[in-house]
Amino acid sequence: MSENLKKIELYTDGACSGNPGPGGWGAILKYNSIEKELCGGEENTTNNRMELTAAIEGLSALKERCSVTLYSDSKYLVDGITLGWAESWQKNGWIKKDRKPALNPDLWEKILELFKKHEVTLVWVKGHAGHEYNERCDRLAVSYYEKLMRK
């Protein structure tokens with residue numbers, strides 16, 4: 001890890017009402033004592049797309065190369081990167097080992113690019129288990145899709 005990079009903590013979560021259905025994502029960037037909350041969503045999406053989008057939006061908000069510890073309760077995101085699935089799918093033209101198309105290649109492309117830009121360490125956290133920042137991200141995501149449902 002480069003010593004001169006800012007050390008950032010990024011907490012992310014995605015949520016969906018129905019799958020597919022209205023969805024939201026939440027992210028919290030933490031640098032020392034400074035915190036920034038981000039959220040958004042889509043009217044018709046999936047939980048996995050919102051999980052990936054939360055990570056993309058959080059990393060994209062960084063204005064310079066940083067050392068990032070990204071906390072997520074999404075095994076899809078964490079395993080997709082740490083077990084090398086996404087890179088393998090990309091090398092194989094977004095086709096999985098079972099010869100089926102990989103889902104969400106547009107988002108995986110963005111994540112792989114952002115992981116090249118920043119030094120990212122992924123940490124899986126158990127969802128809905130009282131982790132303060134994971135719970136806050138979940139509330140951001142849910143409140144966003146609830147707004148979409150009231151439209």
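Each reported figure results from applying straightforward, stated rules to the coordinates on display, with no laboratory input. Predicted model, so just to flag it, every value in this text is computed and none were measured. Glycine also receives a Cβ, built like all others from the backbone with ideal geometry; neighbour counts cover every protein chain displayed.
For every other residue with a beta carbon closer than 13 angstrom to the beta carbon of Gly21, add +1 if it is Lys or Arg and -1 if Asp or Glu, then tell me the sum.
Working: positive: Arg49; negative: Glu42, Glu43, Glu146.
Counting the neighbours of Gly21, the net charge comes to -2.
Treat the count of other C-beta atoms within 10 Å as a stand-in for reagent exposure and order Ile28, Ile111 from fewest to most. Don't skip to the end; give the middle numbers.
On the way: Ile28 23, Ile111 20.
Sorted ascending by nearby Cβ count, the order is Ile111, Ile28.
Put +1 on the Cβ of every Lys and Arg and -1 on every Asp and Glu Cβ in the stretch 91-151; which of Ser143, Trp124, Ala102 then has its Cα farthest towards the positive end of the dipole?
Ala102
Take the residue pairs Lys6/Lys117; Lys7/Lys110; Lys110/Lys147; Lys36/Lys147 and return only those whose Cα atoms are more than 24 Å apart.
Details: Lys6/Lys117 13 Å; Lys7/Lys110 21 Å; Lys110/Lys147 26 Å; Lys36/Lys147 21 Å.
As for pairs spanning more than 24 Å Cα to Cα, those are Lys110/Lys147.
Just grab the label-to-label distance for Arg139 and Leu112, each label 7 Å out from Cα along the Cβ direction, in nm (one decimal).
Each label point lies 7 Å from its Cα, and together they span 3.7 nm.
Considering Cα pairs under 8 angstrom that are at least six residues apart, work out the relative contact order of the stretch 6-150 and quote it in whole percent.
Dividing the mean separation by the residue count of the stretch 6-150 yields 34 percent.
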